[in-house]
Each structure stands twice: as C-alpha cells, then as structure tokens.
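For reference, the structure discussed in these notes is given below.
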Amino acid sequence: MSTGGGDARFFARGKVAELRTELQSDKKDKNHVRKKIALKKIVANMTMSNNDMAALFPDVIQCMMIPQLEIKKMCFLFLVNYGRQKPEMAQHALPILISDMDDINPLVRALALRTLSYIHVKEFVQATVIPLRKLLRDNDPYVRKTAAFCVAKLYDHDRELVENSGTNGNGLIDMLNGLLKDDNPTVVSSALVALMDIWERSDTIKLTIDHANASKIVQILPDCSEWGQTYILEALMSYVPQDVTEAMIMAERISPRLQHSNSAVVLTCIRVILYLMNYIADQKEISALCRKLSPPLVTLLAKGPEVQYLALRNALLILQRRPEVLRNDIRVFFCKYNDPIYVKVTKLELIFMLANESNIEEVLTELREYATEIDVHFVRKSVRAIGKLAIKIEPAAKKCITTLLELVATKVSYIVQEATVVIRNIFRKYPNQYESIISTLCENLDSLDEPEAKAAMIWVIGQYADRIENSDVLLEDFLYSFQDEPVEVQLALLTATVKLFIQRPTKGQDLVPKVLKWATEDTDNPDLRDRGYMYWRLLSADPQAAKKIVMGEKPPITAEAEKLDPHTLEEMCLNVGTLATVYLKPVNQVFRTARAKKLQDSPALQRHQLPTVIAEQRSRELLESMSAQAQVDQAQMQVQQQQQQLQSAVVSNNALASDMADDFFSTPMVAAGDNLNPFAPVGGGTGQYVVSQNAPQQLYQPAQGDLLLL
Amino acid sequence: MISGVLLFNQKGENLIFRQFRNDCRPRLSDVFRIQVISNAQVRSPILTLGSTTFSHVKHENIYVVAVTKSNANAALVFEFLYRLITLGKSYFGKFDEEAVKNNFVLIYELLDEILDFGYPQNTETDTLKMYITTEGVKSERNVVEDSTKITMQATGALSWRRADVKYRKNEAFVDVIEDVNLLMSAGGTVLRADVSGQIIMRAYLSGTPECKFGLNDRLLLDGAGKASTTRAAAGSVTLEDCQFHQCVKLGKFDTDRIISFVPPDGEFELMRYRSTENVNLPFRVHAIVNEIGKTKVEYQVAVRANYGTKLFATNVVVRVPTPLNTANISTRTSQGKAKYEPSENHIVWKIPRFTGQAEYVLSADAQLTSMTNQKAWSRPPLSMSFSLLMFTSSGLLVRYLKVFEKSNYSSVKWVRYMTRAGSYEIRF
C-alpha cells in the first residue's frame, strides 16, 4: 500500500487559465495551502507535455517570494524546466536566487546554486560566476560539493567563460583543482568527478594524476560514499604507473573494493585492476590478481537481471584478455529457466567460450536442454552453438554430431533448419567424414523453408552428388521453384547443379543447360549472371580444368574462439562496465562524441603482453617466414590462388561471400598501416577467412559479437 | 553521466520527467515510448539510438528509465535506478504507478537531491529522510535548525548514520537468509547447486556503535595462495565470495578478515555471500513423468525432506509443469493439496508444513486434447519454493556479534537462520 502523498488527484490535466486563477486567488490562504495545490497541479502538467505551462511564468515567480521551502522547490523546478524557453521572464527570478545564495541555511544556499546553474540562459550563467567563487570556499562541505558540480555545469553551458574566468589560481578550474585538497572526502570526490566531466569534453585541459596524487585519493576511498568511490576509481584510469611496483601496490590497495555491494564500485574496480595489470611484469602477481577478479564477477549474477547482463557481457570481454579469469566456473553460467532472454543468450555465448574437451559432455547435455525451450531465437542459437563446438573442439565432434542428430529427430522445423546449416559447416571442417548422416538430413528436406537452410542443404547435395544415390532427383525437386527462390538459394542451386554434372555427367546433363540458361538469361541479378557465365565458359572451354576448380580440394575451415580484434579488445578493457561493453564494439563507433581511451606509454608498460603488439608480432613473423621461402611475385601468386579458393569456397553461400570478401580485403588495409606485407595477417598462404556466421541482431557490423573464424 | 530520469506507467504515459543536462529533450519520452514500451521486439534493458541511450528497469507496473549520452558507466546507471526504487519503497511502502502519482512532487524533490548534473549524490534513506519528508511542513521547521548537522552527515564519512540515535533498550537482530539454487538433471545429477546468502541486520543501537561480526567461514578469496584453504576445518564453511554494505571497513576485512562496521540505524543488508561447496539440499525430488501416446501424461513426484526431524519447512510449493494442451488433470497426494492451474500450465502442490525426513508423493494423470499441429512438449523444469527456519544450506553460523560504544551499554543480540528456495529446478 502506498501511503503519504495522496497527491494523485492533482495528477490531472488542467487548463492554463484555471491554474492561473487558482494561483492568483485572493481568498484567505492559510499556510499557502491553495497555492501549494495549484503548484502541484502545474508540476504534474509539466510532465504531461501537451500543456505548455510556460505561460504561467509570471505567476510562478510571484510564488517564489513565499518563504516556504516546499513552494520554493516547486517554483525552482518550474524555472529549470521553462527558463530556457522564456529567458526574459526567467530573469525576474534571478535576484531571488542570488539573494538565496547568501542564506544562513547551507541547504538553501546549495539549492539556489544548484538551480541557478541548471538554467541554460546567458544572464544566469554569467550571474553564477561571482557567487560561485565565494561558495567554492564556503565553510559548509555540502555547499562546496554542490559548487564543485556547478563548475562542470558552467563548463557545459559556456566553456570559454570558465576557461577565461581568471588566472593565477583564481580561475574556476584552478579553484576546483584546489578542492582536491579539501579535508572532506565527499568534496574531494565531487571535485574529481567534476574535473573528469570537464576533461571529457575539453581539448585544452589535461588530466594527469601522478603516483602521489593517486595514493592520496585512494587513501580517502573508504570514507567516500559508494558513488564517490566509483568516481575515484574512474579517475584512477588517468593515472599512469611509472614503474611496475607502483602499479602492483596500487592494484593491491584498491582490491578490497571488489567486496563492495555496489556493482558500480565492483565493475569499475575490475576495470582499474585490468588496466593496472598492463603495467605489471610479474606473472605470479597477475595470476593472483586474476584469481581475485573471478568471484566478484560471478557474484554480480545474484543482482538484478540488468546488472547480470552487464556482468556477463563484461565476462565475455575479460575472458578474451585474461583467460585465467573464470576458467573453472562454467556451471555458474548455466541458464535458469526464468532468466530473461537477454541474459540467457549471453550465458550461452559464455558457455560456448568456456567449453573445452574436459567439460564438453556437461555442456552438450545443457545445450541439448536449451534446444527444447520455447524461445525460437534462443533455441536456434543453442543448436548453432552445438555445431560450432563440433568445429572448435575436434575430439568432441562426434558427440556434437550425435546430439545434433537427436535434435533433428524432433522434426521441429526451425531446429532441423538450424541443424542443417551447422552440419554443412561440419562437412566443410571434416571433409569426407560423417557422411553417414547425409541420409538423415535428406529425410527432412520438406521441412526446409528458410533460404539459409535450403542453401546449406543444396550445398551438401552438390558436394556429395556422387555419394547420394538420387542426388539428381533431389536437385531437380529444388530446381522446380528456381525462379521464385531468393538469390542466395539460386546461387547455391547453380553451383550444386554444376557439381552434379561434373561428378555424374550423365545425370546432370539435362539439368545443367537449363540452369545455366536461367542464370544467364532469365535473371537480373548480376552475381548470378556472372557466375552463370563463368561456369558456362569454364565447362565449354576445358572440362578438366573445370573439374579441378569446382571440385578441387578446399582448405578445411577452422574455428578459433570467438574473438574481438586486438585493437578493440585493448580498448574495451579500458571501458569495463560502460555501455560500450554491452555492444562490444569500439567506443567511437557507437558513441561518436566519447573521448577515446588509449593505454598510455610508460617505462612500466608491458608492451610485449598487449594483444595488439602480440598480433603485430605474429604477422611480422609470418612475413619473415614468407619472404624466406618465396619471392614477392610468388606471394602474389598465392594471393591469386587464395582468391580463387575464396571464389569457389563461397560459391555455395552467397550471403557469406560478401562478408568474406569484405573481411578479406579489409584486413590487409589495417596491416598496411603498420608497414607490413598486406596479406600476411590473413594467415599465410593457407587462406583462412573471417566469416560472420550469423549476423547478430542489433549489431550492424560483422566484426564482433557472434564471430566465427572459419 | 545521466542526462535525465523518466518514469512511465505501462500504458506509456510519462509520469515523471526530470532533466539534468541540456541534451535531454522532452521529446525523448516519446522516443522511449515508441521504441521500447510499444515495441515487443525489444529484449535488452539497454537501447542506444544515435547518441542517446535508454537504460531501463521494470518495477511493478512502471518503467524506471535513465537517459544518457556518450559512453556512460552502465553499472552506475543501473545501480542508481535500483537505488531509486529502493528509496521509493522505503518512502512510500511500494513503488508503483499509484505511489508515483500520489507523491510526484516529493519524487521530483528527491531526484533533485540525489542527482546533481546527473551524478548520483548521497542516496542513503536515513539521511534523506532528515530533510525530505512526506509531510512537507515538518521539514520546514527542522531544516533551519539542523541543516548544518544534515549537511555534515550528507557529506561525511558516516553518511549512513545520524549521530544522535538513542534507544532505551539496545538491540540488534541478525537474519541469515539463504537462497539455495539447484539445477538437477533428469538423470538426478546435480548440475548446479549453490547458495546465495544475505545477512540482514536490524540495529537499534544508541550512539555510534562499532560492531564486530564473526562467522564460521574460511574465506577462499586468495585461492591456492593460502594454506588454510586446503581443507575447510570441521564445522566451518567456505565462502566463494562476499560483498558488504558500504559501512563495512573493507580495508580491515582485506588484511585481518574481520568484519567491522558502524551500522546504519534500522534495517540494512550487511553482507551478501555465495557458497558452492558442500551445499546441503533441503529437499530431494524424484520425478517420473511418462508421456503415454499423445493423449496422456502420467506423473509420479516424490519429495523427501533432507533435514533433521525437529525442523519443519513451511509454505512448501511444488510446481509441476503440464503440457499446453492439457484438458483435465486428476491428482492424488499423500500430503497437502494439489491443484491444476490452467493459466500457468502447471500443477501446484502445496504442503503447508513439511517435517524433517518425511517423504510425500504426488501422483497425477493429465489428459491431453489432441491437436492438429502436434508439437513436442518442451518439458520446462519442475520448481519448488519453501522456507525453512533454523537451517542454512551452506552450514554458515554466526559466531559472534560484538558491539562497542563509548557509553559502554550492554546490548541484546538475536540471530535467526532461514533457508529459502532461490531457483530450485529439477528437470525431468
């Protein structure tokens, strides 16, 4: 039951004229009860945005004179809301606010200052400067902390005004800096966060914290409120350790914060410790710190679902940078039946990442369970995960396939389709194994209605045309609706028919001309047409070569763990607990205005341990090994081969083709900036292609999230 | 940081709109309404559109929303929203649409106090209640006199406690409440069993008491680093992790493993912990569910109490899922009552009092209607809820609670233990 208030009756739409009469009424008004009620109605109407209460400005300003805090606060709220719309009217309130800043009551002084600085009107902003100077030195800490935030607000309104507000320690920013020496911890943390807020948006101001300063602010950590602790920890991200012991001591000193009940303190503390680890050389020390990070991360899973989600997303990230964290904790990520779907999906990704040979049984049982749940998206992801595990953990492939076949047996359409897609990939990873399951797949042809699944099945039929007894009949069935299919399926059909013809010319000789004719004459799609012509000429010019090219051996796909690229990974680790970690995308891609964070160099920085440096190192080694064995032109030959392989490898799946090509060509560009051989990072001559297996729903680039290296 | 805080009811009406930065415009409330409330596709509590991010929490029948620009600290945003809900609950008893409408002016007042420029300020209920009250008049008189005291407390190191607390009888109540989570596979193996516990304290102590608190724990915080963790001594428990209320001196805990603190006045959550080793499961469930053809499902569910005969659990509820096309159900129970709830698709079996070591059985038959489009039944897990006094699944015990105060008064302490079902799920 909700007691108190009882103001709901005022929470109704009112007309401006009526409210004005109520405010102006001359009737006896003991304790201003009537005025109070009228004001409450006005406050309610401000939210129900249709009513423009700004017309009541003069009347509300009249009320401001009434010496009652409750009324005053409502008037101030009105002022904050409408001051910007009616600057000329708002100015009448200015004298009242300014006189309030001299009130003997510190709460009133702070309230006036806080209100004044919210109003984005030139006169107000300018009028703030002088009293602000005084209040920054007020003897009440509550007023000083309010003043500290006020400087940041002013900077938001008018940065030049603040930057030119004085010299020789008289400027507002200098005074704010001075508050860092205040003896009240809340004032210090407020000043610190105000400075950081200014720094976020400024090009001229630098925020550096040396070891002495860092030690000082860490010392007051225990005396700060939970929010203050978060601000201080965030500020520590601007501290650059100059030697390894310094970094170690600092990490040790803040690690007790991991036990705080506020998840903001915990996650920000994890961020700082991860950051400091970059400056620590001793591997033992790093392992010890890593061990400390796991339990608090897991404990966050007992919080509300929103924080759980955040913790899980960050776990995905941390796991890539420091695999020691969470290594033995796979069970805690098993889904509860009632977890919200966003939590479940993220847990699934973590389970996939943590799966290895020793826990695969457990994981498969669990995934099998998920595959029978109600949410279609989640079920599909689970099936997909099983397929990916078959590729990721070779010794477990057999078990994964058995599980998949069990699922196919359920005959649930979307499960069968999803399974078909992953089984296609399993064939690509383990060519000429597990073909016995083709017959099971063929039993379920009728339930395929999604393009991706259809294309996958068609690929299987084409690839194994000589081993599937009635492959020509099956293909013919699919070809029946060729014209109505999406391009993805048409391309798959074209390739599969050519493969059939090459492997079993007698069976395919009727189909091929028909399909080639459709692909070249009856379509508007350039890709389909081009590919149609290519096959046509190939087949007519040199059937032997055609066989070599179309049915040639392709490199098996491989599965590395799902990983962020090293640059993003490094950047994200500096942003643990922020919104960007939910998207796991480079900060500036999502938040254009955000200040980019970079690891600062220092003698203590363990450069050789950084993901970017390691990646660079790897590609350099590759380059050396390449140039040792071959000349540049040979390398180029390889490139051509690669492209050919690329072509034929993707023939079966057009959707993947564009992604592949994108990634293929974008990777060299990154490396070219580092003056390396443009093709080195792709993985030598063996041709590994980055493919986005299933385009993640809300993310718009295939580079992160559900990424699979094939 | 936070640019604005918005509250909506389920219909999407904007109840509260408070901006803290110039970049938060009134039209954002329409954006949220369209993009989140009326969009059934939204599955994430965070939505970024252009440069604006909406982070929301659903509580009772309202949406509590924070608007941020740029890459804000998401943990801070959500913690703040949770705190706002807690504050609302402690002020109004409940934080729902009715409470918000009844107290909208006060909520604006609170928001102005707990956020400055979008940065969370002191959010301690105790301190806030000193100068923001439901009876506006009262605040009037007191504020002028006590304001300095208030400001000192709002910014001081003990922001959670007033200095002038006085009780005639000094008492402290400690409640150890454990939620035991279980996930058992159809084969009867325990996939996951852990305990998330919380220690709630209600302190009615005068002055500024220093409390020291001891448990029978062996903290496993340093992993293999410490020799003491090799084998938990008899009668001690291993806590995987613990987190404390901000009053606890974390530095001291880190060095000496002593939980020492100056408690806030009244009720607060002193600590939370997690334990995964040697979890005592209060109930064992054995479920046999047979689908006979397409028209019938047979259930045989046996529940056994695994605790001493002197104890008894109350409010034991077993929820047994039924297929969606269930037409009719007949049940027999050896204890308690079972009822089929068609809207929830499960049988609810209630046993008001469950004595230790007892075993009760439910048998049921479900008749199914035949459906044209026969879909396999997803078999959601069977779940239980219960509460069991004087029992902790982790084995945790309070060793001592000492109170030191200048005036050296004696105080009375009470400890209670309770184990509840967290997510107690059994697959079948």
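The values are calculated or read from the model by the stated rules, or taken from the named source; none is laboratory data. Every value quoted in this text rests on a predicted model; they were computed, and no experiment measured them. All Cβ positions, glycine included, derive from the backbone under ideal geometry; neighbour counts span all protein chains shown.
A few remarks follow.
- Test: residue in the stretch B:320-335 that is surrounded by 15 or more Cβ atoms within 10 Å (Cβ to Cβ) and under 27 Å from the mean Cα position of the chain (by Cα): yes
- The listed residue being of a type in the set (Lys, Arg) and on the phi > 0 side of the Ramachandran plot, out of A:Lys392, A:Lys381, A:Lys454, A:Lys411: A:Lys411
- Check on B:Ser343, out of contact with any helix residue (DSSP H, G or I) (no Cβ under 6 Å at 6 or more places or on another chain), free of Cβ contacts under 8 Å to residues at least 12 places away in the same chain and not assigned by the TED database to the domain that holds B:Val190: yes
- Search result, residues across the stretch A:199-233 that are within 11 Å of chain B (Cβ to nearest Cβ) and either of a type in the set (Val, Ile, Thr) or assigned to a loop (DSSP other than H, G, I, E, B) (or both): A:Val218, A:Ile220, A:Cys224, A:Ser225, A:Thr230
- Screening B:Ser370 on (1) closer than 30 Å to A:Tyr370 by Cβ; (2) assigned by the TED database to the domain that holds B:Phe261 shows it passes everything except condition (2).
- Scanning the stretch B:77-87 for residues that are under 10 Å from B:His59 (Cβ atoms) and within 9 Å of chain A (Cβ to nearest Cβ), we see that the one that is surrounded by the most Cβ atoms within 10 Å (Cβ to Cβ) is B:Leu81.
- Strands (runs of 3 or more DSSP E) fully within the stretch B:265-315 counting 2 or more residues that are under 30 Å from B:Thr127 (Cβ atoms): B:266-275
- Identity of the residue in the stretch B:5-31, more than 10 Å from chain A (Cβ to nearest Cβ) and crowded, with 21+ Cβ neighbours inside 10 Å, that ends up nearest to B:Glu98 (Cα to Cα): B:Phe8
- The residue that is nearest to B:Val195 (Cα to Cα), among those in the stretch A:320-364 that are surrounded by 18 or more Cβ atoms within 10 Å (Cβ to Cβ) and polar (S, T, N, Q), is A:Thr346.
- Of the helices (runs of 4 or more DSSP H) lying entirely inside the stretch A:236-314, the ones with 1 or more residues being within 25 Å of the chain's Cα centre (by Cα) and within 7 Å of chain B (Cβ to nearest Cβ) are found at A:263-277, A:283-299.
- Among the residues making up the stretch B:27-51, those that are under 25 Å from A:Ile198 (Cα atoms) and either assigned to a loop (DSSP other than H, G, I, E, B) or under 25 Å from the mean Cα position of the chain (by Cα) (or both) are B:Gly50, B:Ser51.
- Residue list for the stretch B:165-189, filter: among the hydrophobic types (A, V, I, L, M, F, W, C) and either within 10 Å of chain A (Cβ to nearest Cβ) or not in a strand (DSSP E or B) (or both): B:Val165, B:Leu183, B:Ala186
- Residue identified as within 30 Å of B:Arg83 (Cβ to Cβ), touching a helix residue (DSSP H, G or I) at 6+ places or on another chain (Cβ under 6 Å) and modelled with pLDDT under 90 among A:Leu207, A:Leu179: A:Leu207
- Hey, B:Val57 touching a His at 6+ places or on another chain (Cβ under 9 Å), surrounded by 16 or more Cβ atoms within 10 Å (Cβ to Cβ), modelled with pLDDT of 90 or more and of a type in the set (Val, Ile, Thr) or not: no
- Extreme residue, surrounded by the most Cβ atoms within 10 Å (Cβ to Cβ), among residues of the stretch B:194-223 that are at the interface with another protein chain (Cβ under 9 Å from one of its Cβ atoms) and small (Gly, Ala, Ser): B:Ser196
- Some residue of the stretch A:35-52 being more than 23 Å from B:Lys101 (Cα to Cα) and either of a type in the set (S, T, N, Q) or touching a strand residue (DSSP E or B) at 6+ places or on another chain (Cβ under 9 Å) (or both): no
- A:Leu317 meets the conditions (1) farther than 17 Å from B:Arg192 by Cβ; (2) of a type in the set (A, V, I, L, M); (3) in a loop (DSSP other than H, G, I, E, B) in every case but one. The failed one is (3).
- Any hit, the stretch A:422-432, residues being touching an Asp or Glu at 6+ places or on another chain (Cβ under 8 Å), modelled with pLDDT under 90 and of a type in the set (S, T, N, Q): no
- Residue within the stretch B:367-379 that is under 26 Å from B:Ile177 (Cα atoms), surrounded by fewer than 18 Cβ atoms within 10 Å (Cβ to Cβ), touching a residue at least 24 places away in the same chain (Cβ under 8 Å) and more than 14 Å from chain A (Cβ to nearest Cβ) present: no
- Close Cβ contacts (under 7 Å, 6 or more residues apart or on different chains) running from residues in the stretch A:177-202 that are of a type in the set (Asp, Glu) to residues that are surrounded by fewer than 22 Cβ atoms within 10 Å (Cβ to Cβ) comprise A:Glu200/A:Arg595.
- Qualifying residue in the stretch A:324-335 (condition: within 11 Å of chain B (Cβ to nearest Cβ), touching a residue at least 24 places away in the same chain (Cβ under 8 Å), farther than 30 Å from A:Glu361 by Cβ and over 20 Å from the mean Cα position of the chain (by Cα)): no
- Annotation note: of B:Arg379, B:Arg399, B:Arg420, the sole residue that is at pLDDT below 90 and part of a strand (DSSP E or B) is B:Arg399.
- Spans of helices (runs of 4 or more DSSP H) in the stretch A:54-98 with at least 2 residues of a type in the set (Lys, Arg): A:69-82
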